[in-house]
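Here the structure is laid out as C-alpha cells; the discussion comes afterwards.
The values are calculated or read from the model by the stated rules, or taken from the named source; none is laboratory data. Nothing here was measured: the structure is a model prediction, and the numbers come from that model. Backbone-built Cβ (ideal geometry, glycine too); neighbour counts: all protein chains shown.
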Amino acid sequence: MNLSILIPSFNWNVYRLISDLTIQCQKEYKPDCYEIICIEDGSTCLFENNKITELNNVQYQVLKNNIGRASIRNLLAKKAKFEWLLFIDCDSKIIQQNFIQNYKIQSQSTQKDHIYYGQTIYQKNNQPDTILHERYGLIVESKSKKTHFSSHHFLIKKELFEQAGFDEQLQLYGYEDVLFEVKSNFQFKFIDNPLYHIGLKKTDDFLKDCELGLKNLLNYTDQKDVVRKIKILKWWKRLSRIHYIILKIFIYFQSSILKNLKSKNPRIVLFQFYKLGLLIKLKRDSIKN
C-alpha cells in the first residue's frame, strides 16, 4: 500500500500535525511510498507553515484565493500520486501513536470499495468564547460521527474518489461531507481511530458558519435521500405544517436565544431550535427572492 495524506489548510498552524504524521509515516512506509500534501486555501495567516517543506516527502502550496472546502479537497486529490488518499482537516491533533498504522491496516483489507473514517473527539477546555462549539461537539457531533460519515479524517482509494468527489457547487461552509456520502454509492465504515478536533471557533464565528451551512442545504430540501440523512432537514420536513408557527416563535425569541447561545452557559436544545427556525426563515426568504 502507498499513501497520499491530503491536508487542506485555512488560517491554521499545521506544522505540529504534519510533523507528527511524518514520524508515523516513516515507521510504516518506505520513503518512496508516502507523501503529504498541504494546500493553503486563501489563508491570510500562514504561521510557520512554510517550514513543513523541510520535512521529508512534504509538498506545500499557497492559493491566493479561497476556493472552498469542496474544491480544495478535489484539488488535493488531483495532485496525489498514490493509490490511497487520507484526508485530514488541518485543525487536528494526533491522539494515538498508531493512527497511521490503523488506516494502513484498513487499506490491506479485501473491501476495496469501502471508505474508512474515525471518530472526532473534542477536548474540554471550558473557554467562554468557544463554549458553544465545544458543547455542541461533545454532546452532538462526536456522538453522531459513529454512525454518520465525517470528512474530518477519512481514507479512500483514489479511483473511488475520482468517481464522485465533493460537490463544487457548495461554495459555502458546511454539510459537504454529508452530501458527499449521500451522493456516492460507496460503503462507509467507522473504525476505532480517533483524532482530536482542536479548532474550536468563537461563538460569533460558529453561528456564522452554522448559517452558511444551512444556506448550503436550501437546494436540497426536496431531495428525499438528502432529507433522510440530515437531521435538521428531517425535522424541517416533519414539521412543515407548522413552519409558520415556528417562524413566528423564532423571530419573537431570536434575540433572547442568541443571548443564551453567546453566554457562558449555552443550551444545546436552544441551538437546535435556532437552527430549525433559521432554516425555515432562510428557505422562506429564498422563495421570496
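Data table
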item	result
Verdict on P8 being in the same structural domain as F154 (by TED's automatic domain parsing) and within 19 Å of E83 (Cβ to Cβ)	no
Pairs, first assigned by TED's automatic domain parsing to the domain that holds Q254 in the range 268-289, second hydroxyl-bearing (S, T, Y) and surrounded by fewer than 17 Cβ atoms within 10 Å (Cβ to Cβ), C-beta under 7 Å, six or more apart	K283/T221
Qualifying residue in the range 158-173 (condition: of a type in the set (K, R) and either farther than 25 Å from K81 by Cα or touching a Lys or Arg at 6+ places or on another chain (Cβ under 8 Å) (or both))	no
Residue list for the range 244-262, filter: over 24 Å from R135 (Cα atoms), surrounded by 13 or more Cβ atoms within 10 Å (Cβ to Cβ) and touching a Lys or Arg at 6+ places or on another chain (Cβ under 8 Å)	L247
Helices (runs of 4 or more DSSP H) within the range 181-289 that include 2 or more residues under 30 Å from L21 (Cβ atoms)	203-217
Yes/no for L212 being crowded, with 16+ Cβ neighbours inside 10 Å and either touching a strand residue (DSSP E or B) at 6+ places or on another chain (Cβ under 7 Å) or touching a residue at least 40 places away in the same chain (Cβ under 8 Å) (or both)	no
Among the residues listed as I36, I7, the single one being farther than 24 Å from G137 by Cα, assigned to a strand (DSSP E or B) and either touching a residue at least 12 places away in the same chain (Cβ under 8 Å) or within 20 Å of the chain's Cα centre (by Cα) (or both)	I36
Any pair with Cβ under 7 angstrom, 6 or more apart, that starts in the range 215-226 at a residue that is crowded, with 16+ Cβ neighbours inside 10 Å and ends at one that is of a type outside the set (A, V, I, L, M, F, W, C) and at pLDDT below 85	N216/G174; N216/Y175; L217/Y175; V226/Y220
Residue in the range 40-52 that is touching a Pro at 6+ places or on another chain (Cβ under 8 Å), of a type in the set (S, T, N, Q) and not in a helix (DSSP H, G or I) present	no
Close pairs from the range 72-100: first hydroxyl-bearing (S, T, Y), partner modelled with pLDDT of 95 or more and not in a strand (DSSP E or B), Cβ under 7 Å, at least 6 apart	S92/L17
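Residues checked against (1) in contact with an Asp or Glu (Cβ under 8 Å, 6 or more places away or on another chain); (2) among the acidic types (D, E); (3) closer than 30 Å to S263 by Cα; (4) modelled with pLDDT of 95 or more:
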{"site": "P31", "(1), (2), (3), (4)": "no, no, no, no"}
{"site": "E35", "(1), (2), (3), (4)": "no, yes, no, yes"}
{"site": "Q61", "(1), (2), (3), (4)": "yes, no, no, yes"}
{"site": "A77", "(1), (2), (3), (4)": "yes, no, no, yes"}
{"site": "F87", "(1), (2), (3), (4)": "no, no, no, yes"}
{"site": "I94", "(1), (2), (3), (4)": "yes, no, no, yes"}
